[in-house]
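Taking it in order: structure first as C-alpha cells, then the write-up.
The values are calculated or read from the model by the stated rules, or taken from the named source; none is laboratory data. All figures in this text were calculated on a predicted structure; none of them were measured in a lab. In this analysis, Cβ positions are derived from the backbone assuming ideal geometry, glycine residues included, and neighbour counts consider all displayed protein chains. The accessibility values were calculated without ligands, DNA or RNA, using every heavy atom of the protein model including side chains. Shrake-Rupley method; radii C 1.70, N 1.55, O 1.52, S 1.80 Å.
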Amino acid sequence: MGNLNDRILTIKKTFDAPLDLVWQAWTKPEHLAKWWVPHGMEIKIIAHDFREGGKWKYEMLMPDGNMFVSEGKYIEIVEFEKIITSADFRPMTQNVELQCFFKAEGDKTIFIFNVVHETAEYCKQQEEMGFYNGWGSAFERLEKLVEKK
C-alpha cells in the first residue's frame with residue numbers, strides 16, 4: 001500500500017460560519033444537494049442514511065448525458081468532529097476513503113478534507129485528473145451556502 005502520506009490528497013479550509021452550520025451542510029441531504037456538485041450541475045439524492053454503517057448514494061447528470069454516481073458507506077461519525085466514509089465516484093474514482101474533520105474556532109469552522117487512495121500511483125492519477133478543481137468548486141459552493149456575505 002505504500003506510505004500513507006503518498007496516498008492522501010488534502011484540502012484545508014476555514015469557513016466563516018459556525019461549526020453547527022457547516023456540520024448541517026455535510027449531514028442533511030437538503031443542504032448537500034445545494035453544494036456537493038461542481039458549478040452548473042445538479043444532484044439527486046438517492047440514499048442518505050447518516051449513521052455509522054449507513055449508505056449514501058447521489059446521482060448527477062453529466063453534460064455528455066452520462067450519469068455520474070457517488071456512493072459509499074459511513075465508517076465513523078463523531079458529531080461535530082469527523083465523518084469517515086468509503087466512496088466511489090463512478091466512472092472516475094473508486095474505492096477511496098473520505099475523511100472530513102471539523103473544528104470550531106470561535107464563530108469560524110476549520111475544515112480538513114482528506115481522500116485516501118489505495119496506492120500512491122492512483123492518488124497521483126486522481127490529482128492529475130482534477131481533484132483540486134473538482135472538489136474546490138464544490139467547496140466554493142459550500143462556502144457560499146454557509147458563510148454570511
Six or more apart or on different chains, Cβ atoms under 7 Å: show the pairs whose first residue is in the range 50-76 and farther than 11 Å from S86 by Cβ and open to solvent by 50 Å² or more (accessible area, probe 1.4 Å) and whose second is of a type in the set (S, T, Y) and modelled with pLDDT of 95 or more. F50/T27; F50/Y74; R51/Y74; E52/Y74
Cβ pairs under 6 Å, 6+ apart or interchain, first in the range 20-36 and open to solvent by less than 20 Å² (accessible area, probe 1.4 Å), second outside any loop (DSSP other than H, G, I, E, B) and among the charged types (D, E, K, R), ordered by first then second residue, are W35/R141
Kindly check whether there is at least one residue in the range 116-134 that is of a type in the set (A, V, I, L, M, F, W, C), open to solvent by less than 80 Å² (accessible area, probe 1.4 Å) and at pLDDT 95 or above. yes
Only one of (1) over 20 Å from E147 (Cβ atoms); (2) of a type in the set (A, V, I, L, M, F, W, C); (3) open to solvent by 50 Å² or more (accessible area, probe 1.4 Å); (4) in a loop (DSSP other than H, G, I, E, B) fails for M41. Which number is that? (3)
Failed item in (1) of a type outside the set (A, V, I, L, M, F, W, C); (2) within 19 Å of R141 (Cβ to Cβ); (3) surrounded by 14 or more Cβ atoms within 10 Å (Cβ to Cβ); (4) at pLDDT 95 or above, with K12 passing the rest: (3)
